[in-house]
1. Return the only residue of A113, A93, A78, A117 being touching a helix residue (DSSP H, G or I) at 6+ places or on another chain (Cβ under 7 Å), in contact (Cβ under 8 Å) with a residue 40 or more places away in the chain, surrounded by 12 or more Cβ atoms within 10 Å (Cβ to Cβ) and closer than 21 Å to A182 by Cβ.
2. Kindly provide the set of residues from the range 319-350 that are surrounded by 15 or more Cβ atoms within 10 Å (Cβ to Cβ), assigned to a strand (DSSP E or B) and not small (G, A, S), ordered by number.
3. On the basis of being β-branched (V, I, T) and free of Cβ contacts under 8 Å to residues at least 24 places away in the same chain, does T16 make the cut?
4. Tell me the residue from I325, I299, I344, I335 that is at pLDDT below 90, in the same structural domain as C242 (by TED's automatic domain parsing) and in contact with a strand residue (DSSP E or B) (Cβ under 7 Å, 6 or more places away or on another chain), please.
5. Can you tell me which residues in the range 217-275 are surrounded by fewer than 18 Cβ atoms within 10 Å (Cβ to Cβ) and among the basic types (K, R)?
6. Please specify each residue of the range 97-131 satisfying the condition of being among the hydrophobic types (A, V, I, L, M, F, W, C) and either farther than 13 Å from V142 by Cβ or in a loop (DSSP other than H, G, I, E, B) (or both).
7. Restricting the search to the range 276-306, which residues are within 27 Å of the chain's Cα centre (by Cα) and buried (at least 17 other Cβ atoms within 10 Å of the Cβ)?
8. Can you list the strands (runs of 3 or more DSSP E) lying wholly within the range 193-251 that have 3 or more residues being touching a Gly at 6+ places or on another chain (Cβ under 8 Å)?
Amino acid sequence: MARISLSNVSQRVGTTERLRDISLDIADREFLVVVGPSGCGKTSLLRLIAGLDPVTHGTISIDGEPANAIPAEQRGLAMVFQSHALYPHLTVAANIGFALRMGGAGRPSINDAVSRAAALLGLEPLLARKPHELSAGERQRVAIGRAIAAQPRGYLFDEALANLDAVLRAQLRTDLVRLNRALQTTMIYVTHDQTEAMIMADRIVVLNEGRIEQIGTPRGLHDQPVNRFVAGFIGTPGMNFCRAVVTETGFLLEGGVRFDDPAGLAGGLAAGQMVTLGIRPEHVRIAPDGPLHGRVERIEHIGFEAHIHVQTDDSALIVRAGPNIALHAGERVKIAFDLARLHIFGPDGAALRREFD
């Protein structure tokens, strides 16, 4: 199995710097998810690890061995892409065993590897079929089976489930986590879907504009974001933000509403300093004595809960409530924050106070 390390890795293509100073240690058997917005460098990072693109600066090591000069086919890593790229004229069994056959493996070892991969993925009844006879989820399973049959040291998944519908994605997410445990191998999974990242990962790397913003467990990133970008990117729905001025007794929101600070959350901040307050929707409530006044813009009912979108004088807020909330669009409401759950961000976006600090 593989331990993969990146030390001060950068990639420049022409005048464009795709990745900057990436340092990252991926443990053996870890399920690591790299997440970030489109164009942030996720796929570029995966291609560098795979050996498909050259490193401009820094070192990539696999099991302690510098790998910059090792060709992709000798790194012992298997990559699964968004497109399953199966050979349409070959059966499922032939597609799974294709790389082994091209590598000169004997028929018995190929058959054993195909059988093992098919058993892990529930493909045994489909081995004689051609790709056009399969569903989208089955075709992606075959692509994953092809990687498993090669018995790599690690797996790299590049938006591998992006083309599937929601039900299939949920099913294959579970399958990949199960495979990580069953195969006892390292997996690096790239996605733009932070919900997917939170569900699957042992640890998450948040990328933005070619740089790592934060690395941590799903719970750690949710509860203790290092800056406003991570706070806004991680969490569904996203964190609410309000601009405020620090006062002698608390905070003054832009709309004129004052929040007292009996717990001393703003301790160490100078009166008059501009900050951004962050609060997650689950820590905002509709309250008859709430200091904030607003108007309900819409309510999203999603079965087990409701997301109430409220426009105040300061900002747009989302309140997470129970499914039977008795409100309607256009209604005036009062809102309160759980101040013990408040995050505070400076003008540069860095966290000045994070939950549980």
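1. On the way: A113 fails: in contact (Cβ under 8 Å) with a residue 40 or more places away in the chain; A93 fails: in contact (Cβ under 8 Å) with a residue 40 or more places away in the chain; A117 fails: in contact (Cβ under 8 Å) with a residue 40 or more places away in the chain.
Of the residues listed, the single one that is touching a helix residue (DSSP H, G or I) at 6+ places or on another chain (Cβ under 7 Å), in contact (Cβ under 8 Å) with a residue 40 or more places away in the chain, surrounded by 12 or more Cβ atoms within 10 Å (Cβ to Cβ) and closer than 21 Å to A182 by Cβ is A78.
2. Those that are surrounded by 15 or more Cβ atoms within 10 Å (Cβ to Cβ), assigned to a strand (DSSP E or B) and not small (G, A, S): V319, R320, V333, K334, I335, F337, H343, I344, F345.
3. Working: β-branched (V, I, T): yes; free of Cβ contacts under 8 Å to residues at least 24 places away in the same chain: yes.
Spelling it out, T16 is indeed β-branched (V, I, T) and free of Cβ contacts under 8 Å to residues at least 24 places away in the same chain.
4. Numbers: I299 fails: at pLDDT below 90; I344 fails: at pLDDT below 90; I335 fails: at pLDDT below 90.
Every option except I325 fails the conditions.
5. R219, R243, R258, listed by residue number.
6. Of the residues in the range 97-131, the ones among the hydrophobic types (A, V, I, L, M, F, W, C) are 98-100, 102, 105, 110, 113-114, 117-121, 123, 126-128.
Answer for the range 97-131, where residues must be among the hydrophobic types (A, V, I, L, M, F, W, C) and either farther than 13 Å from V142 by Cβ or in a loop (DSSP other than H, G, I, E, B) (or both): L100, M102, A105, I110, A113, A119, L123, L127, A128.
7. First, pick out the residues of the range 276-306 that are within 27 Å of the chain's Cα centre (by Cα): 276-284, 299-306.
Scanning the range 276-306 gives T276, L277, G278, I279, R280, P281, H283, V284, I299, A306.
8. Numbers: elements: 203-208, 211-216, 240-246.
The qualifying strands (runs of 3 or more DSSP E) are 203-208, 240-246.
The values are calculated or read from the model by the stated rules, or taken from the named source; none is laboratory data. A quick note: this is a predicted structure, and the numbers were derived from the prediction, not measured. Using ideal geometry, Cβ is built from the backbone for each residue, glycine included, and neighbour counts are taken over all protein chains shown.
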